[in-house]
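The values are calculated or read from the model by the stated rules, or taken from the named source; none is laboratory data. Bear in mind the structure is a predicted one, so any value in this text is a computation, not a measurement. Counting neighbours? That spans all protein chains shown, and the Cβs are built from the backbone with ideal geometry, glycine included.
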Amino acid sequence: MNGATISLDDVFVRQGEEMGTDRGMFIIALSDDRAYGLSPLAYVVWYMCDGRIPLRTVVENISENTDVEPSIVERKVIEVVRELLRVGLLVRK
């Protein structure tokens with residue numbers, strides 16, 4: 001991605017398979033030898049990116065369910081999406 005613009009209108013598709021949890025991290029495997037531990041926020045973002053809803057809906061849902069201001073959630077979600085794209089756990093639809 002290298003700093004490409006991420007819009008709240010973008011739709012992303014999660015990659016990998018959920019393997020369980022370990023010490024509060026959600027383990028997602030991309031292959032037999034590549035797995036990642038996601039924080040709860042990163043996991044929610046990854047899970048909600050089902051290829052059907054825009055990032056805006058992800059932000060709104062997280063904001064509503066955590067009572068955190070949407071602008072703060074938006075900033076954090078975009079950071080998470082950038083990292084998930086970088087490691088291959090998300091692809092842009």
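Before moving on, here are some points about what is shown:
- Set ALA29, ALA35: member being in contact with a Gly (Cβ under 7 Å, 6 or more places away or on another chain), surrounded by fewer than 18 Cβ atoms within 10 Å (Cβ to Cβ), outside any helix (DSSP H, G or I) and on the phi < 0 side of the Ramachandran plot: ALA29
- In this structure, ASN61 does satisfy being at negative phi, polar (S, T, N, Q) and in contact (Cβ under 8 Å) with a residue 12 or more places away in the chain.
- Of all the residues in the stretch 64-93, those that are buried (at least 16 other Cβ atoms within 10 Å of the Cβ) and without any contact (Cβ under 8 Å) to a residue 24 or more places away in the chain number 1.
- Going through (1) touching a strand residue (DSSP E or B) at 6+ places or on another chain (Cβ under 6 Å); (2) part of a strand (DSSP E or B) one by one, TRP46 falls short only on (2).
- In the stretch 12-25 there is at least one residue matching the filter, namely being of a type in the set (Ser, Thr, Tyr) and in a strand (DSSP E or B).
Here's the yes/no breakdown for (1) within 17 Å of ALA4 (Cβ to Cβ); (2) touching a Pro at 6+ places or on another chain (Cβ under 8 Å); (3) among the basic types (Lys, Arg):
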| position | (1), (2), (3) |
| --- | --- |
| ALA42 | no, no, no |
| MET48 | no, no, no |
| VAL58 | no, no, no |
| GLU69 | no, no, no |
| ILE78 | yes, no, no |
| ARG82 | yes, no, yes |
| VAL87 | yes, no, no |
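- Pick from the stretch 1-22, criterion at pLDDT 95 or above and hydroxyl-bearing (Ser, Thr, Tyr), ranking: surrounded by the most Cβ atoms within 10 Å (Cβ to Cβ): THR21
- Residues satisfying the stated conditions in the stretch 49-93, i.e. outside any helix (DSSP H, G or I) and under 25 Å from LEU30 (Cβ atoms): CYS49, ASP50, GLY51, ARG52, ILE53, PRO54, GLY88, LEU89, LEU90, VAL91, ARG92, LYS93
- So TYR47, is it among the aromatic types (Phe, Trp, Tyr) and within 12 Å of the chain's Cα centre (by Cα): yes
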